[in-house]
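The values are calculated or read from the model by the stated rules, or taken from the named source; none is laboratory data. Predicted model only: the values in this text are computed from it and were never measured. Every residue, glycine as well, gets a Cβ built from its backbone with ideal geometry; the counts of neighbours run over all protein chains shown. Side chains are part of the model used for accessible areas, which takes the heavy atoms of the whole protein and leaves out ligands, DNA and RNA. Shrake-Rupley method; radii C 1.70, N 1.55, O 1.52, S 1.80 Å.
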Amino acid sequence: MTAAAGTEQDGGREIGTEEIKAREMRLLTVLRDWCAAKGLAMFLCGGTLLGAIRHKGFIPWDDDIDVFLPRPDYERLREIFPREGLPGGIALQDWRREDEDFSFIVQPFLRLADMHTVLHRRGYRLPDRVFIDIFPIDGMPDGEAAARRLFAAVRPQRYVISQFHTTIGHQRNPLLAAVKLLARPLVTAGGLRRACARMERTAMRYGWEESRDVGGVLWGYGPQERLSKADLEPMDVEFEGGAFPGFRGYDRYLSGLYGDYMTLPPESERQPHHEMVKCLVYGGQESNASADGTEE
């Protein structure tokens, strides 16, 4: 894995939301072009797809980017995505790798990260990078009851992972804060890796090829985001002035997640998912990337 260009002891240049978005767009463009070159299906999802459909870009009060890939393409991505030679310190973060840096936030899904950045967010124990999240789409069982049971099965590991990363004070429920305090010594880096592995095994319970319906089981919203494979017919959507991959079943998907998704929420709800405290950049030369992920 490509190392960060420096540490906070080395100083660093502080950046704001607009440069964070620009760096995320750079990550997204590299991933889009690389997936297209390798024939892998990648789609904008979640709030990023909502932003593309409703705003033609980022949701104005948010700054994260989410994509998902069908499980076979997701596994191919983690297998063949280049580990070195990427422009400007870009790296694919994967909890499965033995050299993954557990002194930063590690999630049970892939991330493409700008390794020249250190990002601090309110309520989190560990620093992060500027990143985009990459989720798998897995097979789902037929029927609402079976789908609910599947999502219920991944929830305990998701809770463990979330509690490992967040601060005690971030938990408003005193009882849950006490549970977190008692459980944290048990959730070492090795325990976090085990939780990720258990969660992934559960999410992959229903094979992609055998399943009629699919969805974001690993880290999704719930059974309401179920899609048929036919919904994933590719189509381009506009996002921040560029064309990025969406899918024709977006109305069903966004309606399941957000209801009347074209109507703006009340102003009181227009808040970012994660409140940034500070983001620092440590050197590193930026360059353009070719479709195979190497520097031009």
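For the reader, a short list of remarks on this structure follows.
- Accessible area of W61 in the full protein assembly, 1.4 Å probe (Å², nearest 10): 60
- In this rough spin-label picture, where each label sits 7 Å from Cα along the Cβ direction, the R194-D33 distance is 4.3 nm.
- Taking each residue as 0.36 nm, the span from S268 to E144 lengthens on full extension beyond its C-alpha to C-alpha distance by 41.4 nm.
- Couplings for the stretch 112-128, taken from phi via the Karplus curve 6.51 cos²θ - 1.76 cosθ + 1.60 with θ = phi - 60°, read 9, 10, 8, 6, 8, 10, 10, 10, 10, 10, 5, x, 10, 6, 10, x, 9 Hz in order; Gly and Pro are left as x.
- Whole-percent carbon and sulfur share, accessible surface of the stretch 1-143, 1.4 Å: 48
- Label-to-label distance, S255 versus R13, with points set 7 angstrom from Cα along the beta-carbon direction: 4.7 nm.
- Using the 1.4 Å probe convention, the accessible area of the stretch 1-116 works out to 35 Å² per residue with neighbouring protein chains retained.
- Protection-proxy order for peptides 100-110, 125-135, each taking the mean of Cβ atoms within 10 Å per residue, highest first: 125-135, 100-110
- For F135, the amide hydrogen comes within under 5 Å of the amide hydrogens of V67, F68, L69, counting only partners 5 or more places away or on other chains and with H modelled in the peptide plane.
- Simple spin-label estimate for R122 and Y159 in nanometres, 7 Å along Cα-Cβ: 2.6
- Here the Karplus relation 6.51 cos²θ - 1.76 cosθ + 1.60, evaluated at θ = phi - 60°, turns the backbone of the stretch 59-66 into coupling constants of 4, x, 9, 10, 9, 10, 10, 10 Hz, with x for every Gly and Pro.
- The stretch 188-272 - accessible surface per residue (Å², probe 1.4 Å): 53
- Karplus-based coupling profile of the stretch 131-141, in residue order and whole Hz: 8, 10, 8, 10, 10, x, 9, 10, x, 10, x, with θ = phi - 60° in 6.51 cos²θ - 1.76 cosθ + 1.60 and x standing for Gly or Pro.
- Prolate/oblate/rounded call for the stretch 13-91, Cα gyration tensor, a/c under 1.5 rounded: oblate
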